[in-house]
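Quick notes on the structure that follows.
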Amino acid sequence: MLPRTSGCLILFTVLSACPAGLVCSAQQAEPGTLVRYHFGDDPDGKLGWANSSFDDSGWPMAKDGRWPMPTIDSDGFVWVRFHIPLRSGVSGPFAVRNAREIYSGSTVSLLADEVYVRGALVGRQGSLPPNPMLSLHHQDAVFDIPAGQVTPGTTAVIAIRAWCPPGARLPIFMGDLRVSVDERRNLLLAYRADHATALISDGLNLALNGLVALFSAGLLFVWRKTGKRDLLMCGVMLISLALFSLLRGQVPVELSALSWRTYGLIWVALEFISMAATIEFVWTVNSLRAPGMKCLYYAFAILFNGADLVLFLAMTPSMFAHWSILGIVPLLGGYNLVQSSVNLWVLLVRRQNTLLAITIIATSASAMLELFGVFAGGIKIGPFYMEYIGLAFLLSEVALLLLLSQRAMKAWRSRDELRVEFDAAREVQHQLVALAVDLPGFKIQSAYAPAKQVGGDFFRVLPEADGSALIVMGDVSGKGLRAAMTVSAIMGALRGCDTRGPGRVLEYLNRVLYGQVSGFVTCCVAHISSDGLMTIANAGNPAPYRNGVEMTVEPGLPLGLVAEASYAETRYTIAAGDGLTFVSDGVLEATNAKGELFGFERTQSISAESANQIAKAAALFGQEDDITVLTLTRENIGASASTPISVPALSV
């Protein structure tokens, strides 16, 4: 088995689902800006919090421009007042720019807010309770300030009435907004420049994840051709991870106008698909059993996603939101603990897939460290910026994709080699079970349709010098290559059989096959002499039909079940023009979409038709097993009798 990198790249998704999970450089307010905050609300303005003359010196000061989030069960409101020194020598018109990054290190700016200048509302983003609405679009906005509201060379006071949903009130988060006041044209130029920079900066991440999704789709294509389950799980995992990264990456550059709840539903769906695929991938590549541990693994994943979904949808405090906020980090820790434990056991006890196990353990640890800001920051590559944790996971995705692609190519080559072997086996079987041809006195047709590349049905029509013919038809239990190998053994054994009595032929084949096959073989042998006398013995195969009527034949045990068996013979006289039809149980056991069997009645109703028509009818009904049909019509003149004559079973 090829070594693999982390199959647990879903941790990037899990990590990202917590708002602190996505790291980039925190951007502060304008230099010299004083920022103060206060929890609560002044909806009607009676307290004067929106007025520039309000004395906020008693309010706490935001350290480095950041403030704590409201408590879990509060109304979610916080007022933030920015005291911004204005440059001298500017003439206006003026505007205020209110920008935020939804997630930035340990800060969160997932807010709906209103912007006030001297008590006047100049702009809003989203809507506040009682009808709250959050939007991922227009997270950066420029609002015009009415003339005369600010004066160059003085300090402008910008009041922000903000509300954040319950899901953004984790105790480890801090609030952060970037508020600036300047001439309108300068702010618009800065807005456009920052938007272009963000698009370029995130372009590499978007492009690489797009390529990962594209190549992962190739793994699914190879899975369809090879049936390798690890390729399926890895392909689903990587595609969902890449789509998740694309979903998140488009937010800063405003490529979509999704509502917060729609965004959350897509987020959680991709998150859970990735986690489930990761669990199945780890279990598949390591051939693990441990159903209890797997159930625990799934339990943490389901509970985590449930809590995440509640936090996306909740707009007011509730018991569910409260416990979801308190539980989401422990649930993430539990998921990582189970994941690390499973792979540590694989590493130390099973001693397999070493690179895979080490990488999963390392990424689990780094994910938890990054959640608490230990593994924060990023790297700038030219105009592009990538977070350390995001870059690490992306490299792991690429490495895993390359290794699984190599495995996929190996599986593809093996499939090609197997197909060549099957083609060769099919060719050999076609030679062993060749289409029947007419014999003097007999018109013969045959149809052979294996359920797989090769089959376990067989027939042989052996002519004799006196004008008689020996007909052998049978079915090996099972399908595919193993059954085909048994057919080859039977065909070889027939060559060494020096008797032509049907009962003795079956006894001979039974001795040859006993102890040599894992299942059993059904077989019907008939000998038709030149004068029309037919002797038939059966070992569990469907009885033949004569002129559309099922013939009565003494039953017998299938071949290969017991060491010694005897088979009774039944005799008929076949008249000129009589038609015989031999079928395998693949005709009788054809099953349609409703679960109905083709059965004896349908088979008998068409038993007088040609071999090809019978086989086609059964196949169209719903082929489940190998289908073989052999029809024989006697052309020479002879006596006819319709009553069977039983004779004692022949002993060896």
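The values are calculated or read from the model by the stated rules, or taken from the named source; none is laboratory data. Worth saying up front: this structure is predicted, and the values here are computed from it rather than measured. Positions of Cβ are generated from backbone atoms using ideal geometry, with glycine treated the same way; all protein chains shown enter the neighbour counts. Each accessible area value is taken on the protein alone, full model and side chains, heavy atoms only, with ligands, DNA and RNA left out. Shrake-Rupley method; radii C 1.70, N 1.55, O 1.52, S 1.80 Å.
Using a 7 Å offset from the Cα along the Cα-to-Cβ direction at both Ser488 and Arg351, what is the distance between the two label points in nm, to one decimal? Each label point is offset 7 Å from its Cα along the Cβ direction, giving 3.8 nm. Label point of Tyr514 set 7 angstrom out along Cα-Cβ; within the range 468-504, amide nitrogens under 17 Å from it belong to 503-504.
Please list, in order, the residues from the range 313-341 whose amide nitrogen is less than 12 Å from a point placed 7 Å along the Cα→Cβ vector of Asp73. Output list for this probe position: 317-320, 322-323. Multiplying the residue separation of Ala269 and Ser287 by 0.36 nm and subtracting their alpha-carbon distance yields 3.8 nm. Estimate the FRET efficiency between Arg413 and Ala217 by the formula 1/(1 + (r/R0)^6), using the beta-carbon distance for r and 25 Å for R0, to the nearest 0.05. Using R0 = 25 Å, I get an efficiency of 0.80. Measuring against 21 Å, Cα to Cα, the residue pairs Lys228/Lys452; Lys294/Lys410; Lys452/Lys616; Lys479/Lys616; Lys410/Lys479 contain Lys294/Lys410; Lys410/Lys479 as the ones spanning a longer distance. The mean sequence separation of alpha-carbon pairs under 8 Å and at least six residues apart, normalised by the residue count of the range 210-304, gives a relative contact order of 29 percent. Subtracting the Cα-Cα distance of Thr154 and Gln604 from their residue separation scaled by 0.36 nm leaves 151.7 nm.
At 0.36 nm per residue, and after removing the present C-alpha to C-alpha distance, how many nm does the segment from Arg224 to Asp144 gain when stretched out fully?
Difference between extended and current length: 23.0 nm.
Amide H contacts of Leu533: Ile574, each under 5 Å away and 5 or more positions distant or on a separate chain (H built 1.01 Å from N in the peptide plane; Pro and chain starts excluded). Only one residue of Asn186, Ser216, Trp260 has its Cα farthest out toward the positive end of the dipole of the range 148-260, where Lys and Arg carry +1 and Asp and Glu -1 on Cβ, and that residue is Ser216.
Round to the nearest 0.05 the FRET efficiency obtained for Gln613 and Glu564 when R0 = 30 Å and r is the Cβ-Cβ distance.
0.15
Normalised per residue, the accessible area of the range 245-370 is 42 Å², obtained with a 1.4 Å probe and no contribution from ligands, DNA or RNA.
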